[in-house]
Amino acid sequence: MAGKLDIRRWSGVLDLGQSVSGVVLALFLWTHLLLVSSILLGPEAMTWVARNMELAFLSDDGHGYPWVVSLIAIGVAALAAFHVLVAIHKLPLSLRQQKALKSQMQVINHSDTRLWSWQAGTGIVILMLLPVHLWLVGSAPETIGPVGSAQRIWGEYGYLIYLPLLLTVELHAAIGLYRVALKWGAARDLNTRARLRTIKTVLSVLFVGIGLAALLAFIPHTPV
């Protein structure tokens with residue numbers, strides 16, 4: 001009996017850790033996307049954002065401390081690794097579990113179960129692409145800006161990483177927040193759940209649209 005209580009307690013702790021880390025990562029993601037989208041306001045706006053991210057207002061020469069961005073990248077990597085570790089126990093890792101899930105989804109056509117499968121699938125893609133993005137940014141923080149970012153995205157074919165990462169991470173984040181809201185009691189009835197699904201869809205479309213517009217806005221700044 002005590003063993004079962006310990007398992008339930010740890011399961012609850014893992015669920016809470018997954019929810020909190022997921023919410024923090026989602027909020028960081030959207031903040032990061034809005035900061036990057038400053039390129040839509042012009043190169044001067046993005047340069048101002050980049051310098052302030054580097055705490056330029058605290059440096060004597062006004063150039064800031066690029067290593068601050070590297071520390072942020074390391075922090076995001078650590079939080080993402082924690083999120084993966086506490087979430088992985090729910091994934092169907094064995095072939096038997098995968099077959100059981102596929103069979104269940106064929107019998108029970110439940111929309112939230114499909115969303116969970118989409119979240120799991122996008123999570124695997126993010127797990128492969130996010131470390132590359134964090135390394136590119138964290139290893140060369142001084143290049144962040146209109147020209148440096150444009151060179152990385154378009155001149156060095158970084159869009160091959162950023163496009164799928166944008167689509168998967170936005171979908172993953174929106175589904176994740178929707179599921180967290182359900183898990184912790186935000187939806188008490190079907191009408192509320194339907195409204196949450198609508199909000200989830202709107203957020204996904206909105207932030208994917210902003211992200212795509214920002215990526216395209218870097219093209220004119222790519223060095224020839």
Worksheet entry | For segment 40-76 versus segment 153-224, the gap between their alpha-carbon centres in whole angstrom | 24
Response to the item:
Taking only C-alpha positions in segment 18-221, Rg and Dmax in angstrom work out to 18.9, 66
Worksheet entry | Whole-Hz ³J(HN,Hα) from phi, Karplus 6.51 cos²θ - 1.76 cosθ + 1.60, for segment 116-128, glycine and proline x | 4, 5, 5, 5, 5, x, 5, x, 5, 5, 4, 4, 7
Worksheet item: HN-Hα J couplings of segment 158-171 from phi, Karplus 6.51/-1.76/1.60, θ = phi - 60°, integer Hz, Gly and Pro as x?
Response: x, 4, 5, 9, 5, 5, x, 5, 4, 5, 6, 6, 5, 5
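How much area per residue is accessible in segment 3-72 when the probe is 1.4 Å and only protein heavy atoms are counted (Å²)?
Per-residue value: 62 Å².
The values are calculated or read from the model by the stated rules, or taken from the named source; none is laboratory data. Here the structure is a predicted model, which means the values were calculated and not measured. With ligands, DNA and RNA removed, areas are computed over all heavy atoms of the protein, side chains included. Shrake-Rupley method; radii C 1.70, N 1.55, O 1.52, S 1.80 Å.
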